[in-house]
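Inspection log for the structure reproduced underneath, given as structure tokens.
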Amino acid sequence: MTPRFRAAFDGGSRGNPGIAAWGVAVLDEDRRCIEGFAGGLGKATNNVAEYNGLIQALDLALSRGAEDVTLYSDSQLIVRQINGQYKVRHPDMIPLYREAKKRITRLAFFRLEHVRRENNKDADRMVNLALDQGALPSVRIHEDC
């Protein structure tokens with residue numbers, strides 16, 4: 001059986017750019033949060049924070065030996081860029097896009113789905129935990145949901 005991994009991710013900044021963080025909510029098969037992760041980025045834009053959330057979710061999946069990965073995001077921009085519907089033009093996002101795609105190629109199956117913001121509350125909560133703690137790059141949170 002192929003190891004499966006499901007997670008929602010998010011990123012945000014207070015100010016744009018401003019103090020920024022990423023969050024990942026690991027989900028069970030019923031999309032209930034079972035574990036959360038977050039980290040600070042210092043000063044960054046919302047989109048850079050979103051990409052960092054994606055990369056962190058992919059790193060978690062790969063570290064757990066997952067080959068079948070489904071991720072959920074409320075960022076239409078990130079979803080459409082990764083799924084090839086939009087080009088990545090912003091210079092701050094091009095290297096992050098490439099890092100994400102490099103990780104995706106290591107997976108046997110990958111799907112990235114857009115969800116409405118209200119359906120991404122667990123990942124958003126993780127972002128806000130990191131932001132509330134100052135969102136410095138040294139801030140890293142792991143907790144049960």
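Taking the Cα centre of the chain as origin and assigning +1 to Lys and Arg Cβ atoms and -1 to Asp and Glu Cβ atoms, the resulting dipole is close to 600 debye. Taking the helices alone, the chain has a mean residue ellipticity at 222 nm of -10500 deg cm²/dmol, built from -39,500 (n - 2.57) per DSSP H run of at least 4 residues and averaged over all its residues.
Based on Cα contacts under 8 Å between residues 6+ apart, the chain shows a relative contact order of 36 percent. In a reduced charge model with +1 at each Lys and Arg Cβ and -1 at each Asp and Glu Cβ, region 1-55 shows a dipole moment near 140 debye about its Cα centre.
Apolar share of the accessible surface for the chain: 46 percent from carbon plus sulfur atoms, 1.4 Å probe. Shown here for region 29-60: GluC sites (Glu not before Pro) in loop regions (DSSP other than H, G, I, E, B) with at most 16 other Cβ atoms within 10 Å, namely 29. Note that region 12-136 presents 50 Å² accessible area per residue, ligands and nucleic acids not counted, probe 1.4 Å. Farthest towards the positive end of the charge dipole of region 45-145, among the residues 127, 65, 138, is the Cα of 65, using unit charges on the Cβ of Lys, Arg, Asp and Glu.
The values are calculated or read from the model by the stated rules, or taken from the named source; none is laboratory data. Note that the coordinates shown come from a computational prediction; the quantities given were computed from them, not determined experimentally. Ideal geometry is used to build each Cβ from the backbone, glycine not excepted, and the neighbour counts take in all protein chains shown. For the accessible areas, the whole protein counts, side chains as well, though only heavy atoms, and no ligand, DNA or RNA atoms are used. Shrake-Rupley method; radii C 1.70, N 1.55, O 1.52, S 1.80 Å.
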